[in-house]
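The structure under discussion appears below in the form of structure tokens.
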Amino acid sequence: MNERVNRDVGAGVTALDLDAELMLRVKDGDAPSFGVLLEKHRLSVVHFLYRMVQNHAVAEELAQEVFLRVYRSRATYEPTAKFTTWLFRIATHLALNSLRDGKHDRAQERLDDTSSDMPARQVPDVRPSVEQSMVYQSKLDEVRRAVAALPEKQRAAVLMHKYQEMEYTQIAKVLECSESAVKSLLFRAYETLRARLAHMA
Amino acid sequence: MKCPMESRDQQVLLAFSSRKLDAASMSALDSHLEDCLACRQFVQAQGAVWDALDVWEAAPVSADFNRRLYQRLDRPVSWFDRVSGPLQWFGLRRLVPLAASAGVVFMAGLLFQHTAAVPAAPHDTAQMEALQPEQLESALDEMEALSQLSRPVHAETIDSKM
């Protein structure tokens, strides 16, 4: 299989991209390899989509669609880019389409709704006081609002940069734009976020 | 070191805040920050953003995520998904029903146009209405001429019988 990956991979993809190797196995009919990819990337894809659309149910629905597409595209898969680039390109397309369709409006969790289906995050203290919980919730709401207010592409770029720790080049490939465009997107996005969130220091 | 704020190269400061600079650049910028208030303020503000974003942890994925996914994988792909699936990349999937409706309306229009183009069967009333007075006069003259022609023939017939 390694030989095959070495033979097939295009420019910019190293033979060490184990995900691409797994996907090639899926292409060859090895279903368990799909399970491995799913386990490995499920959380990051759902979290990315959740932060994009800010609705847990919609995010999971979109994540399912992402993995469905990955599986159904197995026959035509070619490792011309990193697997995660391809994966997040699908996820980003679906998220942007969902936002444009306004699907998330139907059931968008109110940002100030503490009774959402999201489990409340526990602050480091074992038993947070009511005051601590309220402060945390207030901060969280502010962050969510600030991110939600960003234009869609800026939002996607920030989420990939901050939470997926992607390099500019990979974000550029996911968003199908130039690296300088990504730098510009991120600069403007962080500028907006600094104006809204810097006081939280 | 050249001041990133003065040279408007704030990307370096962003990379510094996200710890994506190499060790040597990190160290050089660290030293610069001790003397440069503007850069220090930028980095502090960016650090605050970074910390604020850290507050936002995503929830765990539903326990039945995989089960639901495998159920969907086992389900055969519908014709609608086959047709509209590729269009979703371009955000056009929602236009498929609209396009189908437009197609039906277009076909109905074509059918209607074709029906209208077929010449209508001759209609007596319409023909009468279309007759001009001159035509009517000419027709009456012709009828009269015919009736005059028929008279000698009738006489000949009587003569031959006789």
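Below is a table of values for the structure above.
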read-out: Qualifying residue in region B:77-98 (condition: more than 10 Å from every other protein chain (Cβ to nearest Cβ), loosely packed, with under 10 Cβ neighbours inside 10 Å, at pLDDT 70 or above and outside any loop (DSSP other than H, G, I, E, B)); value: no
read-out: Test result for A:Leu49, buried (at least 17 other Cβ atoms within 10 Å of the Cβ) and more than 9 Å from chain B (Cβ to nearest Cβ); value: yes
read-out: Complete set of residues in region B:52-76 that are part of a helix (DSSP H, G or I), under 30 Å from A:Phe187 (Cα atoms) and at the interface with chain A (Cβ under 7 Å from one of its Cβ atoms); value: B:Ala52, B:Leu53, B:Val55
read-out: Every residue from region A:52-67 that is modelled with pLDDT under 95 and either at the interface with chain B (Cβ under 7 Å from one of its Cβ atoms) or at positive phi (or both); value: A:Gln54, A:His56
read-out: Of the criteria (1) at the interface with another protein chain (Cβ under 10 Å from one of its Cβ atoms); (2) over 18 Å from the mean Cα position of the chain (by Cα); (3) free of Cβ contacts under 8 Å to residues at least 12 places away in the same chain, which one A:Ser129 fails; value: (1)
read-out: Residue satisfying condition, being modelled with pLDDT of 75 or more, more than 14 Å from chain A (Cβ to nearest Cβ) and surrounded by fewer than 10 Cβ atoms within 10 Å (Cβ to Cβ), within set B:Gln113, B:Gln127, B:Gln132; value: B:Gln113
read-out: Unmet criterion (only one of (1) within 12 Å of another protein chain (Cβ to nearest Cβ); (2) assigned to a helix (DSSP H, G or I)) for A:Ala181; value: (1)
read-out: Output for region A:52-64, where each listed residue is part of a helix (DSSP H, G or I), in contact (Cβ under 8 Å) with a residue 24 or more places away in the chain and surrounded by 20 or more Cβ atoms within 10 Å (Cβ to Cβ); value: A:Met52, A:Val53, A:His56, A:Val58, A:Leu62, A:Ala63
read-out: Residue in region A:27-40 that is of a type in the set (S, T, N, Q) and surrounded by fewer than 20 Cβ atoms within 10 Å (Cβ to Cβ) present; value: no
read-out: Residue that is exposed (fewer than 14 other Cβ atoms within 10 Å of the Cβ), part of a helix (DSSP H, G or I) and modelled with pLDDT of 90 or more, where the choices are B:Ser27, B:Ser101; value: B:Ser27
read-out: Test: residue in region A:147-155 that is in contact with a Phe, Trp or Tyr (Cβ under 8 Å, 6 or more places away or on another chain), modelled with pLDDT of 75 or more and under 24 Å from B:Leu13 (Cα atoms); value: yes
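The values are calculated or read from the model by the stated rules, or taken from the named source; none is laboratory data. Keep in mind the model is a prediction, meaning the values are calculated, not measured. When we count neighbours, we look across all protein chains shown, and the Cβ atoms used for this are built from the backbone with ideal geometry, even at glycine.
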